Amino acid sequence: MTTVDRPEAGAAELRPVDAHTFRGLLRRQASTVTVVTTPGLHGGRHRPSLPPAGFTATSFTSVSVDPPLISFCLGRESSSWPSVARAEHVAVHLLAPGQQEVARIFAASGIDRFAAHPGWATGPFGVPLIGDALGVLLCRVVRRNEAGDHTLVLAEPLALGARQDGDPLVRHRDGHASTIGARPETW
């Protein structure tokens, strides 16, 4: 059991972490909005065929530059999990401003996301590629690690597709925004 000393005056009050409190804190963190897609998979002797899968992910991050590695997480109760669990390749799409509807569709449950968003095409390895994304990484899955009720997926980028440089779509406090705005001449 972990114990925490009472904070000093003026410090934030520390409370036990429950799922509701944890989600509330995470909503305060702004993150780029990505959609991860996987190809449909043919069934085998003892495995059913699976349709292509896609989901909105805010857990995308770079892991390593040399060698290039990225990661994202997905709950194992997600409808996309069976396809992601067996996929050899995935695509990670960094959404651009104006793609809030794409983010909403791929976050919705109980719908055929690819029928609801016709702006995609089949790419290499059968991976669905979403049009007009700010950037796309076609990746090979290298490892899956269980982490609580989610699985952390590590993948190696094989190809990069990018529009001209631009600002990403950002999620913050259950809404979408963009970082578009005036920039200083020097950083």
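Here residue 88 and residue 31 are evaluated by their C-beta separation; at R0 = 25 Å the FRET efficiency comes out at 0.40. With the simple model of a label 7 Å out from the Cα in the direction of the Cβ, residue 42 to residue 156 spans 2.5 nm. Taking 0.36 nm per residue of separation and subtracting the current Cα-Cα distance, fully stretching the chain between residue 143 and residue 111 would add 8.7 nm. Scalar couplings 3J(HN,Hα) for segment 63-69, obtained by applying the Karplus form with A = 6.51, B = -1.76, C = 1.60 to θ = phi - 60°, are 10, 8, 9, 9, x, x, 9 Hz; x denotes Gly and Pro. The residues neighbouring residue 96, those whose beta-carbon lies less than 13 Å from its own, together hold a net charge of -3 under the Lys/Arg +1, Asp/Glu -1 convention. Once backbone amide H atoms are built at 1.01 Å from N, residue 59 has 73 as its partners under 5 Å, excluding neighbours fewer than 5 places away on the same chain. Placing a label point 7 Å from the Cα of residue 19 along the Cα-to-Cβ direction, the residues of segment 121-158 whose backbone N falls under 15 Å from that point are 148-151. Annotation: peptides 46-55, 86-95, ranked by per-residue average of other Cβ atoms within 10 Å with the highest first, follow the order 86-95, 46-55.
We did not get these values from a lab; they are worked out from the coordinates using the rules stated. No experiment lies behind these values; they were computed from the predicted model shown. Backbone-built Cβ (ideal geometry, glycine too); neighbour counts: all protein chains shown.
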